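Worksheet: one structure, shown below.
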Amino acid sequence: MHADDPHEDDPHEVRREGSRFPSSASPAPPSHDGERLLPTDMDVAARDRRSSVLALLPTVAVVALGGALGATARYAVEHHWRAAPDGFPWATFTVNVVGCAVMGIVVVLLMEVWQAPPLVRPFLATGFLGGFTTLSTYAADTERLARLDRAGIALAYYAGTLCAALAAVALTSALTRRFALARGAGAR
């Protein structure tokens, strides 16, 4: 072995018949520059991962900010539009359907019509709308209604949210695309 061998004294590797394998017993392929890749990401070398993480910080920050604003908006809607424990959760239904409708508009505008700055889509789509809509509350509301022997309301809420949300994103995507083409915006 050479003194500058990056594999020397690696506690995560074991020898098997003269070959080196990571402790997972599968060979770690070399990267383009010969550095052994870590099992967590077989395509990116360690120094590339470090620079990738630093490059992602602005995106992570705008997603976090958007998520905080979206979750705050959802909280405000739910706080001011409370449902009875055994009643239809209209606030959660509405935020999920409205969020999907807005997602249809955002995706078409930012991916097909406009050349938006790189942080706009992560802020709006992943951040704000991800924080605004809520799968976990949808699931918890459905479970709570079923547990309270309100199976009819639970089923209506479960199926109604799914159908309305899918219809909302499909409709707003189609309308936004049609409106953009009619205005001559076209694809980028």
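List of remarks:
- Accessible surface of segment 50-188, 1.4 Å probe, proportion on carbon and sulfur as whole %: 72
- With a Förster radius of 30 Å applied to the beta-carbon distance between TRP114 and LEU148, the computed FRET efficiency rounds to 0.05.
- Over segment 48-188: Kirkwood hydrodynamic radius from C-alpha pairwise inverse distances, Å: 16.6
The values are calculated or read from the model by the stated rules, or taken from the named source; none is laboratory data. Here the structure is a predicted model, which means the values were calculated and not measured. For neighbour counting, all protein chains shown are included, and Cβ atoms are generated from backbone atoms with ideal geometry for every residue, glycine included. SASA here: full protein model, heavy atoms, side chains in, ligands and nucleic acids out. Shrake-Rupley method; radii C 1.70, N 1.55, O 1.52, S 1.80 Å.
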